Amino acid sequence: MWAVALLVFREVLEAALIVSVVAAATRGVPRRGWFVGGGIALGIFGAVLVALSADLLAAAFSGVGQELFNAGVLLAAVLMIGWHVLWMSSHGRELGRQMQVLGNAVHSGASSLGLLLAVVALAVLREGSEVVLFLYGMRAGGAEHLWAGLSIGVVAGAALGFALYAGLLRIPVRHFFGATNAMLVLLAAGLASTAARYLIQANLLPAWGHQLWDSSWLLGNGSLLGQTAHILVGYDAQPAGMQLVFYASTLAALWAGARLIRPMEAVRQPR
Amino acid sequence: MKRLLPFVLAALLLPLLASAADVASYTLTLKDHRYQPSELRIPANVRIKLELINQDPSPEEFESDDFPAEKIVMPNSRTSLFIGPFKPGRYRFYGDFHQPTAQGTLVVE
């Protein structure tokens, strides 16, 4: 039972951290709860579909279907988060001002809410499909207390996600969207780096240095803290050069994009 | 920028051509949720192709905390991934779905 709980916990935690940051970043947006809930439901549905077609996926593209699929899902999430971050950098100040005036009631348009729903769904789908495959195997092997293990894992993983969410809500309103936007940027950069890792494993991308450094002695990839840092800021104890290129490119693109957008807004709405 | 594109493409694709052709292949077999062999000897400083054969009726995920690797192998089927190059030493790997038994070590010489 504990083996089941532990594996489920680790997968749920990864998804829950992403969902928490997204939920915090959309604080005050009307109907946000429905979008986050809908994203999770959609993700679970997708996870079952992906697990059911895992055989097809494994055989696709001469054996690298799995890596292509993972990298594709990750890069899609990067694009969506990126779009939202750029949208926020043009509207964020208004949102911040309105929140200070109106408290939590932000009535401005939430055009990128659908994108974040998709990010939540993709995160749940990717981690969830592994859980489904694992449970299927455990069931075939006649493991006992499967549902107890599953429940403990889900509850524990979700609880840590809620803890992060509660912590984020304590950030003062004045800095709130700045902080959550920065977290989304780091999240996106980390996801891009992980995508590169899959493509290197499939030999579809050169590594440009297979191991730039090894900080396993300080913080291992397998440890709970290492795993949390991996999701939140893209930490990797043994990164390849190409992963750093993906990470830095994402950071640079979002930083430059936000800088380009702000002057345009300033021109459009002179104060 | 456009003139650079062929070079960039070449830089990206050359390693693929080179590595796909002359990479040595090693095999790990999963049976009763154990790796056979549980100690796999491979040479140092080269990239290798690792063939995974799963003879069990349940899926497994080949994974390691010592080197980058994460690949699901479905029941009664096979797959492969690329790992390395490694410095000489011992690197542990496991099966994420059956960690109590599915443990193994790469011995790099």
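The numbers here are math on the coordinates, done by the rules we state, and not lab data. The model shown is predicted, which means the values in this text are computed figures rather than measured ones. All Cβ positions, glycine included, derive from the backbone under ideal geometry; neighbour counts span all protein chains shown.
Need one value for B:54-60: mean number of C-beta atoms belonging to other chains within 10 Å of its residues' C-beta atoms. If you can, show how the numbers build up before the last one.
Details: counts 0, 0, 3, 3, 9, 11, 3.
Mean shielding by partner chains, rounded to a whole number: 4.
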Crossing angle, helix A:32-52 versus chain A [Cα axis fit, 0-90 degrees, rounded to tens]:
30
Local charge sum around B:F93 (other residues, Cβ-Cβ under 13 Å, Lys/Arg +1, Asp/Glu -1)?
-4
What's the local net charge at A:A3, with K and R +1, D and E -1, over the other residues with C-beta under 12 Å away?
-1
Return the whole-Å distance between the Cα centroid of region A:135-177 and the Cα centroid of region A:205-261.
24
How crowded by other chains is A:201-208, given as the mean number of beta carbons from other chains within 10 Å of each beta carbon?
6
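Counting helices only, and only those DSSP H runs with n ≥ 4, report the 222 nm mean residue ellipticity of the protein assembly as shown as the sum of -39,500 (n - 2.57) divided by its residues, in deg cm²/dmol to the nearest 500.
On the way: 10 runs with 226 residues, N = 380.
It comes out at -21000 deg cm²/dmol, rounded to the nearest 500.
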Degrees between helix A:224-233 axis and first principal axis of chain A (Cα, 0 to 90, nearest 10):
40
Potential extension, B:S77-B:E39 segment - 0.36 nm per residue separation minus Cα distance
11.5 nm
Please determine, in degrees from 0 to 90 and to the nearest 10, the orientation of helix A:113-140 with respect to the longest principal axis defined by the Cα atoms of chain A, where the helix direction is its Cα long axis.
10
In whole Hz and in residue order, list the ³J(HN,Hα) couplings for region A:9-20 that follow from phi through the Karplus curve 6.51 cos²θ - 1.76 cosθ + 1.60, θ = phi - 60°; x for Gly and Pro.
4, 5, 5, 5, 4, 4, 5, 5, 4, 5, 4, 4
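Compute the signed sum of charges (Lys and Arg +1, Asp and Glu -1) over the other residues within less than 12 Å, Cβ to Cβ, of A:G65. The partial results should precede the final answer.
Numbers: positive: B:K71; negative: A:D55, A:E67.
Summing Lys/Arg as +1 and Asp/Glu as -1 gives -1.
Taking the DSSP beta bridges in the protein assembly as shown as the whole, what percent of them are antiparallel, to the nearest 5? Display every interim value, and only then the final one.
Numbers: 22 of 33 bridges.
Approximately 65 percent, going by the DSSP bridge assignments.
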Size of chain A along its principal axes in angstrom, Cα-based, largest extent first?
66, 43, 37
log10 I(q)/I(0) for region B:23-108, Debye formula on C-alpha points only (no solvent), q = 0.14, 0.17, 0.24 Å⁻¹, two decimals, reads -0.40, -0.60, -1.21
Collect residues whose amide H, placed 1.01 Å from N in the peptide plane, falls under 5 Å from the amide H of B:T27; neighbours closer than 5 in sequence don't count.
B:E51
